[in-house]
Structures are given as structure tokens and as C-alpha cells.
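For reference, the structure is listed below as C-alpha cells.
The values are calculated or read from the model by the stated rules, or taken from the named source; none is laboratory data. For clarity, every value in this text was computed on a predicted model and none was experimentally measured. Glycine gets a Cβ as well: all are built from the backbone with ideal geometry, and neighbour counts include every protein chain shown. Accessible surface areas use protein heavy atoms only, side chains included; no ligands, DNA or RNA. Shrake-Rupley method; radii C 1.70, N 1.55, O 1.52, S 1.80 Å.
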Amino acid sequence: MVRDTNRHFKFDWITIFLFFLLVGFGWLNILSASHTGATLNYFDLDQPFGKQLVFIFLTFGLIILLLAIDAKFYERFSSLIYIISMLSLVGLFIFGKNVNGATSWYAIGGMTLQPSEFAKTATALAVAKYISDLNTNIKNFSDQIKTFAIIITPAFLVLLQNDTGSTIVYGAFFFVLYREGLPKYYLTLAVSVILLSILSLKFGAIITSIIAIIVVISYHFINKRKLRIYQLSLILIAALSVSFGVKFFYQNILQPHQQDRISLWLRLEKDPVKLQKMKQTFAYNLNESEKAISSGGLSGKGFMEGTRTTGKFVPEQHTDYIFSTVGEEWGFLGSSFVVIVFVLLLLRILHLAELQKSQFSRVYGYGVAAIVFIHFLINIGMVMGLIPTIGIPLPLFSYGGSGLWAFTILIFIFIKLDSNKINEW
């Protein structure tokens, strides 16, 4: 399915430029974070920077293939792509390789492939396909359930593989559905559940429920509305259900290391001895990351001059904690530059999504922006200690062939769809 030479295509070079800017700058930081101080051989396949460079070169061929395929192919075969992706996730339970406690990789020769990274693109295509169907109305409850099922299926399979970070990313599709007309009460419900969950872990179920009642009463008092007894009772029951449910999930479902990370974030542990042990075990990466970032100052210590980076104080710094390298060696100015480029990329994708004549292309574009945004938000927040430590890479920046290729596919499918809008009159 190659493109028709009689049609006209105009690729968005701004998005392409921002893409390669992030990939290139990311590789420089991977180089700095993983080099051993010896004479550099950029193609040393024993080092992460050498492997990443090979991944980047192979990405060019992948981009050519993605742009050569006819734009309609992605819409026409989106359901098949989704099914194949789900089968690849199921196959991990039989053929998967366990790495760091998560069975999320296929071992292929000397390499590993993480299908959960590619499943995000497949889900974005499937959601776009279903929502853009003429028989679908996202305001209908039955269609909402079917859409949620498309999103929850890969999220549940990934969760079973003990990959919580990738599971959370699927929450990004909420923004897509909200843009397409999902009722506002879902937003209220989602925010309420998140706040109740945090407050119940911090202060307990009863206090949290009382706070919820006070907030609701205050809101209705301000808006000059009266609440009936049965409404207050339902709110109290709902608040208690969420609070006790979160407590049960925290104590009985989450793994001990996940409990400890949340406990450190919310400062739940009162025993000073256990708290110190938890910090030494689970907060080491975060502490070293924060020290590296803060030591960079305004302009940084210079490329490959970061003492904490070259000293390997931050474990796995070339992967999830790559932003700490930026903070130490490029300082506040370099960190701001990275954030600005990511924001520009997101804004550009959203702008192009709004210009699409096809609903499929628009929904998919919003899916691309939402996935990149969640990755970006969680990774930066994690590295700076604003949210609990979650194993999730910085898009186009962190080391890894699966992540780089998955985001390449995600973004360049949209670039191809966008280039085809001039043919859709």
C-alpha cells in the first residue's frame, strides 16, 4: 500500500524538525550519561549510546516506510492492527522475558522488544476508528462503554505484566474522548476519585468522606442549590466506597515496592527507622537525581562535565532519569529548552489535529498529543520528585529502541495523515 504518485502531499516540516531536535539532543545526553570516560567509539555496541545511534539510523528507514504507505491504510486496517497488538501482549504471558520484575519484553537474539510501547499507537488508531464511525455517538452510554473497552483491554494486559507505568499512560485517552464530546461529569468523577484516593491514603477514609461532604455542600451553597438527604447519603456512600476501596487496593493489591514509593511520596510512614530504610532503598535514585539537577545551576556544568553524571551516581540515568543529565550539564537554561521544545511539539500536533478534515485523523492526532504529554508530564514530575517514582521513559529522549520506534510510528503516522488532508475535500 504505497502512496499514489498522482496525489499531492505536504509534510509538516515543523513537527519533523522538532522530532529530530529531541532525538538528537536526547542522544547527546545518553552519550554523556553512559560513556565510561575512555576513548569514545560512537558505534560501540556494548554501550547504550552506540546501540541508540544504531536505533536512530534504523529510524530513518522506518520513517520512509511510514510515509510511503497510503494514508487510508492506517484507517482501513486500524482494527486489524489493534487485534495483532493485543495478541502480542497476550503472547508475553507465554513467551515473554522478565526484566526487573516485569514480563514486558520479547527476547529476539541479543535484543529485546517491548510490545506495550507499540500497543499505545494501536489503541490510538482503534479509538480513532471507532469514534469516527458514522454509527458511533460518544454521548451515548453504550458507545462510551465500547470505547472504554478498547482502552481498558491493553491497559489491563499491561497491568498483568507488572508494568504499572505503561498502564497509567492509557489514562491519556480521557483527554481525547473529552475533546470529542464525552460528558463533563466524567471529568468531575475522574478528578474526584483521584483527590479522594490521595486524601484517603493520607488522612483516612472517614476524614476524607467528611471533607468530601463539606466540599459538596459548600459548592451547592455557593450556587444556591439545596441538597436533599438522599443526595448527601449517596455522596457519603460513594466517598466511603472509594476511600476504603483505595485503602484495600493499596494494602492488598499493590506490590511492596509500589506501596513504599507511594508512602514516601505522601509521607505516610511514621516509624523513623523504617522511613530511613525506605529512603535508602527506594529514594536513592530520586535523591541523586534531584542533587544532579540542582547542581547544574543556571547554565550547567557543560557537556560531559557533570560530576554526578560521569560518576554514575544516578542508576540507569540514560533511561528513565535522563532528564537529570540535562539538568546537571545544561542547567536551568537547557532544561527549559527541552521543556519548551516538548511544549512546541505538543502544541503543533494539537494545532494540526484541529485542521484535519477527517474525524479519524483529528481523533488520532489528539491521541498522539495525549500519549506524548502523559509520558512527558510523568517522567519530568518523577525525576523532580513531584510524583511517585514510576518507570516511564521520556519520549524520544530516553534510551531504548522500542520506545524510540514506538514514538516514531505514533508521530509519523499522524504526519502522514496530516499530509493527506489536502486530498480530502
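Within the chain, the longest run free of trypsin sites (Lys or Arg not before Pro) that sit in a DSSP loop with at most 15 other Cβ atoms within 10 Å is 11-138. Taking the 1.4 Å solvent-accessible surface of the stretch 275-388 as the whole, the part contributed by carbon and sulfur is 65%.
Sorted from greatest to least, the principal axis extents spanned by the alpha carbons of the stretch 273-425 come out as 65, 35, 25 Å. Within the listed set D260, D133, D70, the residue fluctuating most in the Gaussian network model of the chain (springs between alpha-carbon atoms under 10 angstrom) is D133. Span-like helix check, the chain: qualifying full DSSP H segments, with Cα axial length of 18 Å or more and mean Kyte-Doolittle of 1.0 or more, are 13-34, 48-68, 78-95, 141-160, 184-203, 205-222, 229-248, 322-354, 359-383, 401-419.
Residues whose amide H comes within less than 5 Å of that of K301, counting only those at least five positions distant or on another chain, are E329, W330, G331 (H built at 1.01 Å from N in the peptide plane).
Could you compute the longest span of the chain free of GluC sites (Glu not before Pro) located in DSSP loops and having at most 14 other Cβ atoms within 10 Å, not counting the site residues? For GluC sites (Glu not before Pro) (loop position, at most 14 other Cβ atoms within 10 Å), the longest site-free span of the chain is 1-304. Counting protein heavy atoms only, the stretch 9-141 has 68 percent of its accessible area on carbon and sulfur, 1.4 angstrom probe.
Within the straight-line cut-off of under 18 Å between alpha carbons, the aspartates and glutamates reachable from K247 are D260, E269, sequence neighbours fewer than 8 places apart in one chain being disregarded.
Measure out, as a whole number of angstrom, how far apart the alpha-carbon centroids of the stretch 394-409 and the stretch 167-203 sit. Value for the Cα centre distance between the two parts: 26 Å. Listed by chain and number, the aspartates and glutamates placed with their C-alpha closer than 19 angstrom to that of K146 are E75, D133, E180; residues fewer than eight positions away on the same chain are left out. Can you give the log10 of the normalised intensity I(q)/I(0) at q = 0.07, 0.09, 0.10 Å⁻¹, computed with Debye over equal Cα scatterers of the chain? One equal scatterer on each Cα of the chain leads to -0.38, -0.64, -0.79. Net charge of the neighbourhood of G327, taken over other residues with C-beta under 15 Å away and scored Lys/Arg +1, Asp/Glu -1, is -3. Computed from the C-alpha gyration tensor, the three semi-axes of the ellipsoid equivalent to the stretch 299-351 are 25, 13, 6 Å, from longest to shortest. Heavy-atom accessible surface of the stretch 144-205, averaged per residue, reaches 48 Å², computed with a 1.4 Å probe. When the chain is treated as a GNM with alpha-carbon contacts under 10 Å, the residue of G311, G24, G365 showing the greatest mean-square fluctuation is G311. Cross-link partners for K312 among the aspartates and glutamates, with Cα-Cα distance under 16 Å and sequence neighbours closer than 8 places in the same chain left out: E288, E290, D320, E328, E329.
Taking the chain as a Gaussian network of alpha-carbon nodes connected by springs under 10 Å, the highest mean-square fluctuation of the residues F57, F77, F376 belongs to F57.
Summing charges over all other residues whose Cβ lies under 13 Å from the Cβ of G300, with Lys and Arg as +1 and Asp and Glu as -1, gives -1. Cα extents for the stretch 344-425 along the principal axes, largest to smallest and rounded to whole angstrom: 48, 25, 18. May I ask for the distance between the Cα centers of the stretch 306-369 and the stretch 60-89, given as a whole number of Å? Each part's Cα centre sits 24 Å from the other's. Taking only the Cα atoms of the stretch 10-58, the radius of gyration and Dmax are 12.9, 45 Å. Shape class for the stretch 1-155: oblate, because the ratio a/c of the largest to smallest gyration tensor axis (alpha-carbon atoms, square roots of eigenvalues) is 1.5 or more and b/c is at least a/b.
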